Amino acid sequence: MRRFFPLLALALLIVPAQAQRNTEDGQAEFSKACKFTLTRADGYQREVWVALAATDVAPKALLDSMDRSFASSSSLAVLHEGYGAPTSARPGAGLPADAEEELLARKALVAGYEAALEKLGVNRTTRRYTRVSVLAFYEAGVRAWNMALRDEVDADQFVLVDPPVGDLAAAPAGVKPRGMDIFLHPRSAAEGQEQEARLLDLLGPWAVNARIMHSFRREGGLEAKVAEVWGSLRGYSVAAPDGKRMTLDTMVNNLESYDVVFLGELHGNPGAHLLQHDVVKALHGRWKHWALATEQFERDAQKAVDAYFQAARRGRVETAEEKAAAEREFMKGARPWPNHADYRPMVEFCRERGIDLIAGNIPRRLAARVNKEGPEVLAQFSEEDRGYSATKIVANEGAYRDNFFKVMGSSTGAKRDEAYERLDRMYAAQCIKDDTMAESVLAWLERNKGAKVLHINGAFHSAGGLGIPEKLKLINPKLRIAVVTCVESDAPASETVDAEEARGNDFIVFVPASRPTRKLKGTDTGETMPGAHR
């Protein structure tokens with residue numbers, strides 16, 4: 001259950017910029033302050049959404065709508081500006097009245113943004129694993145747009161709903177990378193196309209990866225639009241192979257009886273990572289003894305993982321300083337991926353509850369040797385390195401190999417030239433990862449009779465029951481194995497399951513698609529804008 005905070009009137013948040021208004025006595029000065037309302041995440045805070053309330057949107061109504069639609073792992077804040085006490089100082093003097101008021105309002109909102117994040121515990125340390133998104137409705141979208149243009153806030157993502165397109169300033173070359181998502185509700189397809197064309201011109205460099213989404217749905221008002229934002233950017237939809245939709249609880253109830261569950265994710269996809277966290281929490285309520293295994297942790301990092309987890313099992317509560325020091329050592333020794341922030345909620349959840357974390361993948365340096373020298377190099381591994389890798393490489397022909405070559409833009413029936421041999425070595429490197437992870441899962445299960453494992457990996461490693469599940473089944477056919485596979489979609493809630501997706505998977509979970517990649521005018525290619533968030 002979320003914890004609500006009452007409306008906080010931050011009367012002292014009066015920024016050092018003023019605008020003026022006319023009174024009966026002539027011209028008097030006034031300043032603007034920012035108020036905000038907060039709702040904290042339930043437990044671990046992975047994401048913070050900071051919303052700017054429009055003139056005709058009640059802050060409480062907006063917060064309530066967000067609370068009903070957004071995940072409980074997201075903290076929420078709604079900012080709304082107000083007038084402060086009259087003053088005499090005018091640092092903004094000389095500007096036109098409307099421009100001066102815009103400057104003042106934006107600075108007040110920036111101060112409110114910073115104060116809200118501080119209240120939610122987002123600081124220099126925690127910011128690196130907290131995703132921050134700004135959500136703005138209607139004319140407030142202009143303020144959010146200008147805040148992004150001027151780099152006044154450090155948000156990863158800006159989401160604008162029905163902004164007045166004609167009031168937006170063009171983004172210049174060299175603007176800081178931003179993840180921009182714009183929702184439009186045009187009255188016709190022609191109007192939507194016109195708005196999108198105008199937006200693409202205004203977005204400038206941001207247009208490379210900006211998402212512009214159209215909906216002709218007019219009913220539902222604010223509540224429906226908030227739900228649309230979440231469903232389009234973070235929501236996921238669970239389906240059986242026959243396409244029948246179900247709740248997460250229904251899927252987890254079905255998974256409860258399996259020994260090993262593979263969850264094939266899409267690295268960096270917020271919807272997929274939200275699903276993982278939800279599955280971890282749901283399975284923990286059903287499985288008595290289990291472990292989490294993830295692709296990102298390699299076997300030679302197991303000691304660092306164990307040391308970090310043991311530090312939480314000393315029989316007393318860690319101080320904040322002890323926790324921070326332990327995590328720093330963990331980050332050094334475990335070498336997690338650059339996007340560890342996406343996995344951190346699961347790692348911390350398991351650590352706090354005494355659930356083992358299996359570091360089961362082969363070290364990258366060893367997989368790289370197989371990729372470069374071929375499977376024969378396994379015999380040359382040192383005794384220590386052999387302990388970090390599978391006992392053998394099972395690089396069989398069949399559907400998995402066919403799929404691998406297809407993904408790499410080739411075919412197993414292609415001419416056996418140098419490029420083909422290089423792909424064969426890459427396939428062997430892929431297989432030794434699968435073999436190592438499969439053997440790691442089995443080794444833990446043999447040490448923990450009757451226990452279960454949730455294994456999280458890139459979707460290709462387990463889709464269709466191939467890859468790791470296939471290898472695990474080869475070495476222990478008695479294991480009951482389930483496969484959940486994430487698939488990207490522009491419309492997760494209504495996407496249909498095709499025969500290819502259904503084959504070999506127990507469940508399909510549709511998650512929001514990645515950002516598009518467009519070619520900009522005057523460029524040869526469309527590349528992902530560095531720093532643009534999903």
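Laboratory data are not the source of any read-out in this text; all were calculated from the coordinates shown. All values derive from a computational prediction rather than experimental measurement. All Cβ positions, even for glycine, are placed from backbone atoms using ideal geometry, and neighbour counts span all protein chains on display.
Structural remarks
- 0 to 90° range, to nearest 10: angle between helix 189-203 axis and the chain longest Cα axis: 90
- Relative to the current alpha-carbon distance between Asn123 and Lys473, full extension at 0.36 nm per residue lengthens the span by 121.4 nm.
- Angle between the chain longest axis and helix 221-233 axis [Cα atoms, degrees, rounded to 10]: 30
- Sorted on the mean count of surrounding Cβ atoms within 10 Å across their residues, most packed first, peptides 276-284, 226-234, 168-176 read 226-234, 276-284, 168-176.
- Antiparallel beta bridges, as assigned by DSSP with both residues in the chain, represent about 30 percent of the total such bridges.
- Separation in nanometres of the label points that stand 7 Å from Cα toward Cβ, at Arg150 and Ala499: 5.9
- Sequence-distant contacts, meaning Cα pairs under 8 Å at least 6 residues apart, place the relative contact order of the range 174-318 at 17 percent.
- The simple spin-label model puts a point 7 Å past each Cα toward its Cβ; for Ala320 and Glu348 those points are separated by 1.3 nm.
- Electrostatic bookkeeping for Val161 treats Lys and Arg as +1 and Asp and Glu as -1; over the other residues with beta carbon under 12 Å from its beta carbon, the sum is -3.
- Highest average packing first - 504-515, 320-331, Cβ atoms within 10 Å: 504-515, 320-331
- When you restrict to C-alpha pairs under 8 Å that are six or more residues apart and normalise by the size of the chain, the relative contact order lands at 16 percent.
- Protection proxy ranking of 107-119, 190-202 - average other beta-carbon atoms within 10 Å, highest first: 107-119, 190-202
- If you take all other residues with their beta carbon under 11 Å from the beta carbon of Ala53, and give Lys and Arg +1 and Asp and Glu -1, the sum is 0.
- Rg [Å, one decimal], Dmax [Å, integer] - the range 97-151, C-alpha atoms: 12.7, 41
- Take every pair of alpha-carbon atoms less than 8 Å apart whose residues are at least six positions apart; their mean separation over the length of the range 364-449 yields a relative contact order of 44 percent.
- Over 32 Å apart at the Cα level, from the set Lys288/Lys323; Lys60/Lys288; Lys281/Lys392; Lys288/Lys473; Lys176/Lys433; Lys244/Lys281, are Lys60/Lys288; Lys281/Lys392; Lys176/Lys433.
- Long pairs among Lys32/Lys225; Lys35/Lys119; Lys303/Lys478, criterion Cα-Cα beyond 24 Å: Lys32/Lys225; Lys303/Lys478
- Helix 320-334 vs. the chain, principal-axis angle (Cα, 0 to 90°, nearest 10): 50
- Taken one residue at a time, the phi angles of the range 52-64 give Karplus couplings (6.51, -1.76, 1.60, θ = phi - 60°) of 9, 7, 6, 4, 9, 10, 5, x, 5, 5, 5, 4, 4 Hz. Gly and Pro are set to x.
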